[in-house]
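Asker: Below you'll find the structure I mean.
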Amino acid sequence: MTSPASETQITHLRRLWLYLLSGSVMAFLILPIFIVIPMSFSDTVYLEFPPREWSLRWYRKYFGSIEWRDATWISLQAAFFTVLLATPLGTVAAYGLHLSGSRVAGLIRTALATPLMVPVILIAIGIFFLFAIFGLNNTMLGLVLAHTTMALPFVVITVSSGLQTYDINQEKVARSLGATRIKAFLTVTLPQIRLSIYSGALFAFITSLDEVVIALFISGGPNATITRRMFISLRDQIDPTIAAISTILITLSVTLFLLSQLLGRRHRSS
Amino acid sequence: MRSPRTNGKEYPHRDRGGVNAEVLVAADRRERAFLLGLSGGALLLVTVILVLPVGWLFYLSFVTEDQFSFDHYLRLTESRSYFLTFQTTFEISFAVTAICLLLGYPLSYLLSQLSARAAAIWLIFVIIPFWTSLLVRTYAWLVLLQRRGLINTWLVESGVIDEPLRLVHNFTGTVIGMTHIMLPFLILPLYASMRTIDRDLMRAAANLGASPVKAFWQVFFPLSLPGLFAGIVLVFVLCLGFYVTPALLGGGRIIMWSMQIERTVTLYADWGAASALGMVLLVVTLAMLALLSRLFNLERLFRSSS
């Protein structure tokens, strides 16, 4: 305890407060999330920790409810199509911008990053207004277009960063040996940047699945997303079914996080 | 992507002349156009879905009854309810940013002093919340802070208080929830920036006789300021435009800027007013982000958190 802790010879004891404060902050960050998991198995309406009686009633309520099942299906569909649309568009854009390196490319990069810079409420009401004109409100197509726009910056940034560590000369070698540009890209470059592309796809998926504000405006009725239902339900009362849904979402998040770490590790070792 | 031989010139072939110069320049131009054109799909989508609607809203904010006017903007400065909204938004943003700063700086400091491997493990405590859905985290606080929630139940049962505290559907609950969301946004860039501070500097200070506390305040802290300011600006900007958490944890009593915009559209259908509110928020946000980009490279932030 009285041994030096750092280069400046401060002892562990003297900075005990630092360890306690840091531990508290970490607990503050992680505990509320994980406490939801056992609470979702409470039998009572006012969720308890630890639950006095364990039961799956809230899970049964979730899986048994047509509205929740429909909403889940809509969200998954939207996320899937978002990945399908955002990943190629973003990858190709990142590739072109990376090779270009001109000032215009820099401007285009900034333009593609605007979904990250403009407040999302403004984007949401803008889209709502636009979709009202074309009848795209409350449609899957509209939802996918909106979510793809929001996901694009993540794909572009992720694939761009992957391209930075990739030696583009390999493509030039392939082309000098006679391959067309497209063939060189598909057979030489694409396999080597695939991990960044998977990461980008992962971010696109999560962006769409977790998106709340835009969905509030443009996904209604039969095309309501799970985020919209959760938000409206939480605004009115605290439905314990949401604890079950949250547990499922937490499990999904942790899984996707581990997946991203795996992709990162394989990228570094390749 | 210019090879060293071109000496940074855009069209080297043109300068060197020769029979093929024109053809090569044209090929060069076509190549560049093609490469930029690859972003066409993405650019088209972003323009149609985002830029055009926001541009239209910009136009709407200057229109009252089919005439150009500053009415909507003037009303922002005159109306009492708008003033309250601005006040609430800034109060909450300042409060959340200050708390994140006090809680996040020590943790970032400690993590930056550990070995990279150890830090990576402890950072999971920061990154997993970052990856968890916003709604789930907000819900967790709703459940914990409510009258018959966990915190109140424990406090009452252990005799610390007699009556449950009103921790949610008010300012307090909103601040707690938003702090939880915003902390990773402060910790991650700050941690990354602190990691780049040379350890030898602190050793040198110790060698020269500085006490640990003095060495920290005179050497480490000033070097950590750019990363700190970047984190503060980022958190503040995110707080300004935040919608979900204040809407749920504020119980209708906390009206933030984004909520005002939403109400103006859904309850009053006053697009002009909503657009004016939105444009002011946009300008303030962009100004702060421009400041942020001076302090810290956003792309580096993104890579270090994934």
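The values are calculated or read from the model by the stated rules, or taken from the named source; none is laboratory data. Just so we're clear, the structure is a prediction, and the values are computed from it rather than from any experiment. Note that each Cβ is placed from the backbone with ideal geometry, even for glycine, and that neighbours are counted across all protein chains shown. Ligands, DNA and RNA are excluded from the accessible area calculation, which covers all protein heavy atoms including side chains. Shrake-Rupley method; radii C 1.70, N 1.55, O 1.52, S 1.80 Å.
Asker: So, in segment A:134-155, of the ones that are of a type in the set (Val, Ile, Thr) and open to solvent by 10 Å² or more (accessible area, probe 1.4 Å), which residue ends up farthest from residue A:96 (Cα to Cα)?
Answerer: Only one residue fits best here, namely A:139.
Asker: If we keep just the residues of segment B:118-170 that are within 9 Å of chain A (Cβ to nearest Cβ) and either in contact with a strand residue (DSSP E or B) (Cβ under 9 Å, 6 or more places away or on another chain) or not in a helix (DSSP H, G or I) (or both), which is surrounded by the fewest Cβ atoms within 10 Å (Cβ to Cβ)?
Answerer: Filtering first and then ranking leaves B:148.
Asker: For segment A:208-233: of the residues being more than 11 Å from every other protein chain (Cβ to nearest Cβ), in contact with a helix residue (DSSP H, G or I) (Cβ under 6 Å, 6 or more places away or on another chain) and surrounded by fewer than 24 Cβ atoms within 10 Å (Cβ to Cβ), which is farthest from residue B:265 (Cα to Cα)?
Answerer: Here the residue is A:223.
Asker: Within segment A:157-166, which residues are facing chain B (nearest Cβ under 9 Å) and open to solvent by 10 Å² or more (accessible area, probe 1.4 Å)?
Answerer: Filtering segment A:157-166 down to residues facing chain B (nearest Cβ under 9 Å) leaves A:157-158, A:160-161.
Across segment A:157-166, the qualifying residues are A:157, A:158, A:161.
Asker: Still on this structure, please answer the following. Filter segment A:1-27 down to residues that are among the hydrophobic types (A, V, I, L, M, F, W, C) and more than 7 Å from chain B (Cβ to nearest Cβ) and give me whichever is nearest to residue B:140 (Cα to Cα). Walk me through how you get there before you give the answer.
Answerer: Residues of segment A:1-27 among the hydrophobic types (A, V, I, L, M, F, W, C): A:1, A:5, A:10, A:13, A:16-18, A:20-21, A:25-27.
From what's left, more than 7 Å from chain B (Cβ to nearest Cβ): A:1, A:5, A:13, A:16-17, A:20, A:27.
Values: A:1: 37, A:5: 36, A:13: 35, A:16: 30, A:17: 28, A:20: 24, A:27: 14 Å.
That would be A:27.
Asker: I need every pair where a residue in segment A:124-145 that is facing another protein chain (nearest Cβ under 7 Å) has its Cβ under 9 Å from the Cβ of a residue that is of a type in the set (Phe, Trp, Tyr) and open to solvent by less than 10 Å² (accessible area, probe 1.4 Å), sequence separation at least 6 or different chains.
Answerer: Here the result reads A:145/A:131, each pair linking segment A:124-145 to a residue that is of a type in the set (Phe, Trp, Tyr) and open to solvent by less than 10 Å² (accessible area, probe 1.4 Å).
Asker: Give just the number: which of (1) within 12 Å of another protein chain (Cβ to nearest Cβ); (2) open to solvent by less than 10 Å² (accessible area, probe 1.4 Å) does residue B:231 not satisfy?
Answerer: Result: residue B:231 fails condition (1) only.
Asker: Any chance segment B:46-69 includes a residue that's charged (D, E, K, R) and open to solvent by less than 30 Å² (accessible area, probe 1.4 Å)?
Answerer: No, segment B:46-69 contains no residue that is charged (D, E, K, R) and open to solvent by less than 30 Å² (accessible area, probe 1.4 Å).
Asker: Return yes or no: is residue B:213 under 30 Å from residue B:117 (Cα atoms), open to solvent by 40 Å² or more (accessible area, probe 1.4 Å) and free of Cβ contacts under 8 Å to residues at least 12 places away in the same chain?
Answerer: yes
Asker: Scan (1) surrounded by fewer than 18 Cβ atoms within 10 Å (Cβ to Cβ); (2) within 30 Å of residue B:289 (Cβ to Cβ); (3) in contact with a helix residue (DSSP H, G or I) (Cβ under 7 Å, 6 or more places away or on another chain) for the single condition residue A:100 breaks and write down its number.
Answerer: The single condition residue A:100 does not satisfy is (1).
Asker: Please indicate, with yes or no, whether at least one residue in segment A:63-86 is facing chain B (nearest Cβ under 10 Å), open to solvent by less than 20 Å² (accessible area, probe 1.4 Å) and of a type outside the set (A, V, I, L, M).
Answerer: The initial filter retains those residues of segment A:63-86 that are facing chain B (nearest Cβ under 10 Å), namely A:85-86.
Next cut, open to solvent by less than 20 Å² (accessible area, probe 1.4 Å) only: A:86.
Imposing the further condition that a residue be of a type outside the set (A, V, I, L, M) reduces the set to none.
Looking for residues that are facing chain B (nearest Cβ under 10 Å), open to solvent by less than 20 Å² (accessible area, probe 1.4 Å) and of a type outside the set (A, V, I, L, M), one finds none in segment A:63-86, hence no.
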